Amino acid sequence: MNNDFLDFRSDTVTRPTAGMLDAMLHAKVGDDVFGEDETVSALEKKLAKMFNMEAGLFCPSGTMTNQIAIKCFTQPMDEVICDQASHVYRYEGGGIAYHSGASVRLLHGERGILTPQLIEPEINEYNIHYPNSSLVVLENTVNKGGGSCYHLAQIEPIHQLCKAKGLKLHLDGARIFNALQATGDEATSYGNHFDGISVCLSKGLGAPVGSVLLSDKETIKKATKIRKAFGGGMRQAGFLAAAGIYALDHHIKRLKDDHNHAAALADALSKAHYVKSVMPVETNIVIFEVEADQANQIVNQFKAKGLLCGTTSAKTIRLVTHLDLSADMIDRAIEIILHLQG
Ligand SMILES: *Cc1c(COP(=O)(O)O)cnc(C)c1O
């Protein structure tokens, strides 16, 4: 995409910085399928330690880490409980059915946020007619919820419920560092609450590729075999892992800038005449509503002014802030937002 555009389509559009490329260039690598890439191992250990989990597994995508986790935590004929807006259900190509042979029980949380009160009645007791409820998946932050996030205090009773009922609990943490930034919760406390955590390096953190699945040693051993069967075993992947390590060292603190930028955009949008409502902004995602069926037209008008964004429905538009959008670029975007004809 042309660099002159202000690209708000996703936080996945970032390109590696000079420092990150330098770290990649100097990475010590080996064949990771043989377990010999020390940079991959270092990344997996670093993240496992951060989240107080036993082990990690570097994968090419967040879809793969989520799907491997679901496969590890279910048997065919089981049921996965998640919000209707969740990425694992909507945006992973039907992978739950394809890879794991499991059915899905969809809940309707407020902006994708689940509670024990919503989950408990949907857990099946044993009965030969029922699918076996074996896994709950939470997303933090919730993409379709406009970057809404859980505080750990909201996760704790869900963790207790899952433990009492014998269900596993997985976190799709594609934007977990945004959630940690917004809530002030500690990453280390997360390990005690989940059986599996998927952490993405290529969204807000700005690495070109990769997610890491965190869990206990036994699950990661199983996950490593499933990754192989999925075709996700990578050889000298240390070049990519080095970008992830660099991102963890340099790009976490700055996420608060993305959140401030998102808040400033939301403020401008709330003043624009063509905007009906703006979802509350908690992190780096802004979703706003326009008149019925107008979303595509507004997106095209933005594009003509040099601002790229996408629709999330016929009447909703999404903007995502990230490290390739400077304060100056946000100011330019605000000018475009305020002066659009609509
Ligand atoms: C982006 C994303 C993923 C994983 O996406 P990949 O493109 O496969 O890395 C998973 N969950 C959520 C909530 C996401 O936004």
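The values are calculated or read from the model by the stated rules, or taken from the named source; none is laboratory data. Computed from a prediction, not measured in an experiment: that's the story for all the values here. Quick reminder, even Gly has a Cβ in these numbers, built from the backbone with ideal geometry, and neighbours come from all protein chains shown. Quick note on the areas: whole protein, heavy atoms, side chains included, nothing else; ligands and nucleic acids left out. Shrake-Rupley method; radii C 1.70, N 1.55, O 1.52, S 1.80 Å.
Here are the numbers for this structure:
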item: Residue list for region 106-116, filter: in contact with a Leu (Cβ under 7 Å, 6 or more places away or on another chain) and part of a loop (DSSP other than H, G, I, E, B); result: Gly109, Leu114
item: Filter pass, Phe8 being in contact with a His (Cβ under 9 Å, 6 or more places away or on another chain) and at pLDDT 95 or above; result: yes
item: Some residue of region 135-150 being surrounded by fewer than 24 Cβ atoms within 10 Å (Cβ to Cβ) and farther than 28 Å from Glu289 by Cα; result: no
item: Subset of region 236-263 (residues that are among the charged types (D, E, K, R) and in a loop (DSSP other than H, G, I, E, B)); result: Lys253, Arg254
item: Phe5 vs. criteria open to solvent by 30 Å² or more (accessible area, probe 1.4 Å) and outside the structural domain of Leu201 (by TED's automatic domain parsing); result: yes
item: Leading residue by the ranking (surrounded by the most Cβ atoms within 10 Å (Cβ to Cβ)) among those in region 283-342 that are of a type in the set (Gly, Ala, Ser) and farther than 18 Å from Asp4 by Cβ; result: Ala295
item: Within region 177-222, considering residues that are β-branched (Val, Ile, Thr) and either surrounded by fewer than 24 Cβ atoms within 10 Å (Cβ to Cβ) or out of contact with any Phe, Trp or Tyr (no Cβ under 9 Å at 6 or more places or on another chain) (or both), the one nearest to Leu57 (Cα to Cα); result: Ile220
item: Identity of the residue in region 88-98, more than 11 Å from the ligand (Cβ to nearest atom) and farther than 15 Å from Leu135 by Cα, that ends up nearest to the chain's Cα centre (by Cα); result: Gly94
item: Condition met for Asp37 (assigned by TED's automatic domain parsing to the domain that holds Arg227, open to solvent by 10 Å² or more (accessible area, probe 1.4 Å) and farther than 16 Å from Ser202 by Cβ); result: no
item: Options Ala69, Ala85; residue that is touching a residue at least 40 places away in the same chain (Cβ under 8 Å), under 20 Å from Ile158 (Cα atoms), under 22 Å from the mean Cα position of the chain (by Cα) and in a loop (DSSP other than H, G, I, E, B); result: Ala85
item: Number of the condition not met by Gly233 [criteria: (1) open to solvent by 10 Å² or more (accessible area, probe 1.4 Å); (2) within 16 Å of Glu44 (Cβ to Cβ); (3) of a type outside the set (Asp, Glu); (4) within 16 Å of the ligand (Cβ to nearest atom)]; result: (4)
item: Elements of type strands (runs of 3 or more DSSP E) contained in region 117-220, each with 1 or more residues being within 16 Å of the ligand (Cβ to nearest atom) and acidic (Asp, Glu); result: 132-139, 168-173
item: Matching residues in region 252-271 - criterion: being surrounded by 17 or more Cβ atoms within 10 Å (Cβ to Cβ) and over 17 Å from Met329 (Cβ atoms); result: Ile252
item: Residue check for Gln84: farther than 21 Å from His129 by Cα, polar (S, T, N, Q) and crowded, with 20+ Cβ neighbours inside 10 Å; result: no
